[in-house]
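J.: Following this message is one structure expressed as structure tokens.
Nothing in this text is a laboratory measurement; each read-out follows from the coordinates by a stated rule. All figures in this text were calculated on a predicted structure; none of them were measured in a lab. Every residue, glycine among them, receives a Cβ derived from its backbone with ideal geometry; neighbour counts consider all protein chains shown.
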Amino acid sequence: MMEEGQGSTGALRAGVAVALITCLGAFGPAIGISPAWIVIFVGGGLVALSVDAATWQGMGGHVLAEALPGGEARLRRIAVHEAGHLLIAENEQLPVQRVMVGTLACLQAGLRSSGATEFSVPESVRMPLEDLRRWSRVLQAGIAAETVVYGVARGGADDRALLGRLWGLSGHDVGTAQREQRRARREIEQQLRRRLQDLEIKAGDLLSLAPRLMR
């Protein structure tokens, strides 16, 4: 799953809004901006923030960024991440329920994220070692895909957290869990490098289906 640091983004957005309002109030009249325009600007900004919170759960900035001309590159990275999950899940024969690329797609599904691949829930959290290895490969595949294509991964915090919980509930010691996860990561990076063309094609297919504003 891709994440975009919603908490820090929200705090930054609020800080910028306060700073702009303060600057307008202090310096607007001095540089010839009418107080009426200041009121309109501030009111419009507050309305926009309220609509964002009510309609887009505070994620409107991400939705807008993905709709702008440079948004396709942003969406493509998300598509690469989710394509990695999808390819490895198919290889491991783990059923995938749905794949979402982009903040708008996730919000429409009721998720606060920029991308997600949903799997069928395991029947038991205490899985055999081989099943844990399969999940280790699938859940780290998004991070591995980004690493293969871009050199570094930005998303995947939720994937790592879920994988950590699965291993934590498994009864295996920490050393075994860390060793198995590192091995799984190496295996899938090697596999995705060999299947780079398949990864690019799958990402392109997902990108073509990603909803965007005004499209």
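J.: With r as the distance between the Cβ atoms of L209 and V125 and R0 = 35 Å, compute the FRET efficiency 1/(1 + (r/R0)^6) and round to 0.05.
T.: Working: r = 32 Å, r/R0 = 0.92.
It comes out at approximately 0.65.
J.: Also: To the nearest 0.05, what FRET efficiency results for R194 and Q93 with a Förster distance of 30 Å applied to their C-beta separation? Numbers along the way, then the final one.
T.: Values: r = 19 Å, r/R0 = 0.63.
Taking R0 as 30 Å, the efficiency between R194 and Q93 is 0.95.
J.: By counting other Cβ atoms within 10 Å of each Cβ, how are M100, M127 ranked from fewest to most? Let's see the in-between values first.
T.: Working: M100 26, M127 18.
In increasing order of surrounding Cβ atoms, one gets M127, M100.
J.: For every other residue with a beta carbon closer than 12 angstrom to the beta carbon of L206, add +1 if it is Lys or Arg and -1 if Asp or Glu, then tell me the sum.
T.: Details: positive: R76, R77, R98, K202; negative: E82, E200, D205.
Overall, the nearby charge balance is +1.
J.: Kindly provide the trypsin sites (Lys or Arg not before Pro) of the stretch 112-196 that DSSP labels as loop, not H, G, I, E or B, and whose Cβ sees at most 14 other Cβ atoms within 10 Å. Mind dumping the intermediate values first?
T.: Values: sites: R112, R126, R133, R134, R137, R154, R160, R165, R179, R182, R183, R185, R186, R193, R194, R195; in loops: R112, R126, R154, R195.
Answer in residue order: R126.
J.: Continuing with this model, one more query. ³J(HN,Hα) across the stretch 131-139 via Karplus (A = 6.51, B = -1.76, C = 1.60, θ = phi - 60°), whole Hz, x for Gly/Pro?
T.: 5, 4, 5, 4, 5, 4, 5, 5, 6
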